[in-house]
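See structure below.
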Amino acid sequence: MKNIYNFKNLLVITIIYLVSLSANGQDLYDKFSKKLCQCLEKEKVTTDEAMPRCFEELLVKNIDELKEYYGVTSFREINTEELGNKVAAKLLKNCDYALEAFSNQQKQEDKIVTKQPNLTCEDLKSGDFYYLNGRSNTAISDTTYVTISNNMFLERMKNGRTYSLLNLEWKGECKFKLIFKESNDPFKKELSKPGDTYLYEVMTNGPESIVVKVYWRKEEFQVELFKAK
């Protein structure tokens with residue numbers, strides 16, 4: 001009887017510890033994303049290329065807290081890529097300043113297209129596409145491959161090493177909703193949880209590519225998807 005009692009005590013203590021650890025982690029990423037947002041606004045950062053400066057400053061000022069949270073003695077032992085993905089995901093969800101700045105950046109750098117007249121999208125309900133993601137501070141672009149088939153929207157990143165899977169529901173001729181299912185991509189799995197929805201509208205459908213408008217909270221972004229040959 002004593003062993004059972006001790007086991008129950010140990011189980012309760014373990015559960016409390018795990019819940020506390022999870023909450024602390026959540027608080028850490030929330031706190032860091034808020035500090036990053038404050039830095040972006042204070043420094044009047046208006047492009048994603050300038051954002052790493054604020055992130056680096058955040059790391060330097062909070063080294064001791066980070067080492068304590070991760071249980072390490074050296075900053076080099078911290079997985080900064082994982083930390084960056086978690087903080088960036090929180091930033092996109094909660095920082096109105098960053099969203100507005102990045103939306104304005106796209107409007108200044110890219111040609112924003114208007115809706116194509118007499119647009120039809122029947123041929124887009126299955127097919128292969130790809131789009132390019134620019135890396136900050138470099139001229140290099142990463143390619144994301146997209147397959148649309150049977151109301152499924154599959155993205156493959158990093159030469160197929162990571163993916164995101166979403167359900168697709170067409171809403172009229174050229175609008176559709178994506179419903180997040182799962183991902184093993186370090187950033188996208190932090191950004192979305194199962195059931196999260198995203199609205200898209202096809203703006204143009206040409207022989208080489210399509211342009212879609214993405215609705216994200218209060219902002220709108222346009223993405224060009226190239227048709228795979």
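The values are calculated or read from the model by the stated rules, or taken from the named source; none is laboratory data. Owing to the predicted nature of the structure, the values given are computational and were not obtained by experimental measurement. Here the Cβ positions follow ideal geometry from the backbone for every residue, glycine too, while neighbour counts run over all protein chains shown.
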Being under 25 Å from residue 106 (Cβ atoms), surrounded by fewer than 16 Cβ atoms within 10 Å (Cβ to Cβ) and in contact (Cβ under 8 Å) with a residue 40 or more places away in the chain: is that true of residue 86 here? no
Identify, please: which residue in region 158-185 is under 13 Å from the mean Cα position of the chain (by Cα) and buried (at least 19 other Cβ atoms within 10 Å of the Cβ) and is, among those, modelled with the lowest pLDDT? 185
In region 159-215, the residues that are assigned to a helix (DSSP H, G or I) and not polar (S, T, N, Q): 160, 188, 189, 190, 191
Looking at region 42-98, which of its residues are of a type in the set (Gly, Ala, Ser) and assigned to a helix (DSSP H, G or I)? 50, 84, 88, 89, 98
Pair list, Cβ < 7 Å and 6+ apart or interchain, from region 47-72 residues that are touching a residue at least 60 places away in the same chain (Cβ under 8 Å) to residues that are of a type in the set (A, V, I, L, M): 51/40; 51/45
